[in-house]
Amino acid sequence: VGETISFIKKAGIKFWVLTGDKVETAVNIAFSCKLLTKRSIMMTVDAAESEKVFKQITDVANQVEALQDNPHKLKRFALIITGNALLKATKHKQITDPLIKVCKVASMVVACRVSPKQKAEIVKLVRDNDKSAVTLSIGDGANDVNMIAAAHVGIGIRGLEGQQAARASDYAVTKFRHLKNLLFVHGREATRKNAFAICYCFYKNMLLVVPILLYCFWSGGSAQALYNEWLYQLYNTVLTTAPIAYFASVDKEYERSEFLSNPRLYETSRKGESVSYTHLTLPTNREV
């Protein structure tokens, strides 16, 4: 687990730990999983009253601002917040806004003593306040089902706590270490191939339609067919489907071992470069 988490963090993915355990237990688990290290700068929000929660979050925000001049220390900043404090913060917008700003800067967030409902609310809070963020929830028990359903992508781990999480998820794995393979090999390559397929669909349809459009002007709008009827039928079913299907089955940008050893290769997928507007339109415009 520790090696997988360390590898994922190197790829620039932020981790949030949402657990029902008490603060001390959650922090110890974070240390054992290498989410936290001895160099981590931990700041805690654990008050039970709204005024005190607001004061603690404001103090944390001020300390984070002081770290802006030191990027190395800022990367080690971790926020620890309790369920009671989170409940008070989400009820008041004046507390929610600074909390969201602090969470965006934090390298990781540990939320302790949270209920299954609160887990889902935290995921929705991130989605509502950061439209560019893509959330992925991982859980192994029935108390994680709401959280898995609230995220963009849900992953369930089949284990001793039953199959509820796996049944409610988009993907299911048997071991946490399989997440590395799922994200960095299958996930990255699927994103790249889907982006390529989108460009290919636009190109093949333009290749069919644009000549017909130009031919209308040359034929004086007589509705005379440019292609034979059998060519229309074979174009999408055989002539353009078989090549892309074969290409998708054999194409790979890097070897599997390289994906699993170099986390920086995931940056194109994390930043959405392969599905950006420029990436999708530039090849088509170039062909036109």
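Within the range 38-45, none of the residues are loosely packed, with under 13 Cβ neighbours inside 10 Å, at pLDDT 85 or above, of a type in the set (S, T, N, Q) and more than 19 Å from residue 119 (Cβ to Cβ). Take the conditions (1) in contact with a Gly (Cβ under 9 Å, 6 or more places away or on another chain); (2) over 30 Å from residue 257 (Cβ atoms); residue 60 misses just one of them, which is (1). Listed by first and then second residue, the pairs linking a residue in the range 203-221 that is aromatic (Phe, Trp, Tyr) to a residue that is open to solvent by less than 80 Å² (accessible area, probe 1.4 Å) and at pLDDT below 85, with Cβ atoms under 8 Å apart and 6 or more places separating them unless they lie on different chains, are 203/283; 203/284; 215/226.
Take the range 159-175 and flag every residue that is open to solvent by 20 Å² or more (accessible area, probe 1.4 Å), farther than 29 Å from residue 250 by Cα and either part of a helix (DSSP H, G or I) or hydroxyl-bearing (Ser, Thr, Tyr) (or both). 164, 167, 168 - these are the residues of the range 159-175 that are open to solvent by 20 Å² or more (accessible area, probe 1.4 Å), farther than 29 Å from residue 250 by Cα and either part of a helix (DSSP H, G or I) or hydroxyl-bearing (Ser, Thr, Tyr) (or both).
Taken over the range 47-93, the residue count meeting the criterion of being touching a residue at least 40 places away in the same chain (Cβ under 8 Å) and open to solvent by 60 Å² or more (accessible area, probe 1.4 Å) is 5. A count restricted to the range 134-158 and to residues that are part of a strand (DSSP E or B) and either open to solvent by 40 Å² or more (accessible area, probe 1.4 Å) or of a type in the set (Ser, Thr, Tyr) (or both) stands at 4. Would a scan of the range 176-183 turn up a residue that is open to solvent by 60 Å² or more (accessible area, probe 1.4 Å), farther than 28 Å from residue 144 by Cβ and part of a loop (DSSP other than H, G, I, E, B)? Looking through the range 176-183, none of the residues is open to solvent by 60 Å² or more (accessible area, probe 1.4 Å), farther than 28 Å from residue 144 by Cβ and part of a loop (DSSP other than H, G, I, E, B).
Residue pairs whose Cβ atoms lie under 6 Å apart, separated by 6 or more positions or on different chains, with the first residue in the range 166-194 and in contact (Cβ under 8 Å) with a residue 40 or more places away in the chain and of a type in the set (Val, Ile, Thr) and the second open to solvent by 40 Å² or more (accessible area, probe 1.4 Å) and assigned to a helix (DSSP H, G or I), are 185/256. Just give me the residues in the range 1-22 being of a type in the set (A, V, I, L, M, F, W, C), open to solvent by less than 40 Å² (accessible area, probe 1.4 Å) and not in a loop (DSSP other than H, G, I, E, B), in sequence order. Hits for the range 1-22 are 5, 7, 8, 15, 17, 18. Taking the criterion of being in a helix (DSSP H, G or I), within 17 Å of residue 10 (Cα to Cα) and among the aliphatic types (A, V, I, L, M), the only residue of the range 23-38 that qualifies is 30.
Evaluated against (1) modelled with pLDDT under 85; (2) under 22 Å from the mean Cα position of the chain (by Cα), residue 154 falls short on exactly one condition, (1).
The values are calculated or read from the model by the stated rules, or taken from the named source; none is laboratory data. A quick note: this is a predicted structure, and the numbers were derived from the prediction, not measured. FYI the Cβ positions are ideal-geometry reconstructions off the backbone, even for glycines, and counts take in every protein chain you see. Quick note on the areas: whole protein, heavy atoms, side chains included, nothing else; ligands and nucleic acids left out. Shrake-Rupley method; radii C 1.70, N 1.55, O 1.52, S 1.80 Å.
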